[in-house]
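Input: a single structure, listed below in C-alpha cells.
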Amino acid sequence: MKRLLPAGLVFAAASAFGALNTATGDLLTDYTAWFAPEFKVASDANYVGVPYPRWDIPDATAMDVPGVRDWSGWKANFGATSLKSTLAATPFWNDPSVGKQTLYIEVVFLGETAGWWDDFGYTKNGTDTLLADSVQTINKNGPKNRWFGDNLVLTLKPGESLDFFVTGTGVYGPNIEPDPTVGPAGGKYYVFDTDNNFPTGSDMQSYYGTLTPYDSVRDWKNIPGILADPFQVMAFEDIRERGANRDSDFNDFIFALRATYDNPQAPVPEPSTYGLIGAAALLALVGYRRFKKA
C-alpha cells in the first residue's frame with residue numbers, strides 16, 4: 001500500500017540555478033539497473049520497446065525484477081488519477097508547521113522520442129528555471145546534448161513551493177532562450193498542478209508510475225530505508241490534446257524524481273547547483289515516502 005508523506009509536506013525548492021550532471025561509474029550502474037532498458041530511450045521515432053503508458057507498456061510484470069526494482073504500472077496524470085488529486089490541497093509546499101526537515105530531491109533524465117527539441121524545467125514560487133533547454137538525444141539537426149542518467153540532487157527547505165514542467169516547443173533544432181519555448185501546436189505541461197497547463201484545455205499530457213529500487217552497487221547499507229524510497233517516473237506527450245498530428249504516445253519526454261529525508265548519496269550537488277534542479281525535482285516523490293504494493 002502506498003504511504004503518503006504527511007499532508008502537504010512534500011516538495012520545497014532550493015533557489016540556485018544549475019544544470020544536470022552526467023552519470024558515470026557506480027551511479028550510472030545503478031540507474032541502468034533500475035531504469036534500463038525499459039526507460040532508456042533515445043530516438044525521434046517509436047519502436048518496439050519504447051514505453052507506451054496509454055497501453056501500460058511496460059507493465060508491472062515486465063519491469064519487476066526481484067531484489068532489484070518494483071514497478072507499479074502507469075496511471076494517467078489527469079482527471080481522478082492525477083498526481084494533484086492524490087495529494088494534499090497544497091502538495092508542492094513543504095509546510096514548516098508540519099515538518100522542519102530538509103528534503104533531498106533526486107532527478108534523473110531517462111530519454112525522449114520527440115522530434116521537437118523540448119524544454120524541461122521547474123517553477124518555484126512563480127518563477128521559471130530551465131533545467132534542460134532544447135533537449136536532443138540523437139544526432140539529428142545538430143549534436144545530442146542529453147544522455148540517459150543525466151541527474152541532479154537538490155535540497156528543499158520548509159516553506160518553499162515547487163512544480164515541474166515540460167514544454168512542447170514546436171522547434172526541430174536548438175531553441176536556446178532564457179524562457180521556455182512553447183510552439184503553436186505545443187504547450188507547457190506541469191507535473192502536479194495540471195490546471196496550470198498552457199494553453200487552457202491541454203490537461204491530458206502525461207502519465208506517471210512508481211518505481212522502487214531495492215539494490216545498489218553504492219554503499220548505502222548504513223542509510224536506513226534509502227533503497228525503498230520510490231521514484232515517480234513521468235512520461236509526457238508534447239503535442240497538446242487539441243493540436244494537430246497528436247499521436248498520444250506519451251513517451252516524448254521521460255524522467256524520474258524522488259524525495260527523501262535521507263541523504264541518498266547519489267550525485268553530490270555542488271553549491272551552485274542546489275536548487276537547480278527544478279527540473280526533476282520532485283516529481284518524484286509525488287508524495288510517496290515508502291511505496292509498497294497493497
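General observations
- Residue ID - surrounded by the most Cβ atoms within 10 Å (Cβ to Cβ), chosen from residues in region 26-60 that are free of Cβ contacts under 8 Å to residues at least 24 places away in the same chain and under 19 Å from F231 (Cβ atoms): P58
So that you can scan it fast, the table gives a plain yes or no per residue for (1) of a type outside the set (G, A, S); (2) modelled with pLDDT under 90; (3) crowded, with 16+ Cβ neighbours inside 10 Å:
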| position | (1), (2), (3) |
| --- | --- |
| K157 | yes, yes, yes |
| G170 | no, no, yes |
| I176 | yes, yes, no |
| G183 | no, no, yes |
| Y189 | yes, no, yes |
| F192 | yes, yes, yes |
| T210 | yes, no, yes |
| S216 | no, yes, yes |
| W220 | yes, yes, yes |
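- Residue in region 237-244 that is surrounded by fewer than 22 Cβ atoms within 10 Å (Cβ to Cβ), at pLDDT 90 or above and of a type in the set (G, A, S) present: no
- Of all residues in region 24-56 being in a loop (DSSP other than H, G, I, E, B) and of a type in the set (D, E), the one that is modelled with the lowest pLDDT: D44
- Unmet criterion (only one of (1) at pLDDT below 95; (2) within 16 Å of L110 (Cβ to Cβ); (3) part of a helix (DSSP H, G or I); (4) not acidic (D, E)) for T61: (2)
- Taken together, the criteria place V68 among residues that are farther than 18 Å from F250 by Cβ and over 19 Å from the mean Cα position of the chain (by Cα).
- If you check L162, L152 for being farther than 15 Å from V108 by Cβ and in a strand (DSSP E or B), only one passes: L162.
The values are calculated or read from the model by the stated rules, or taken from the named source; none is laboratory data. Computed from a predicted structure; not experimentally measured. Cβ sites come from the backbone with ideal geometry, for glycine too, and all protein chains shown count toward neighbours.
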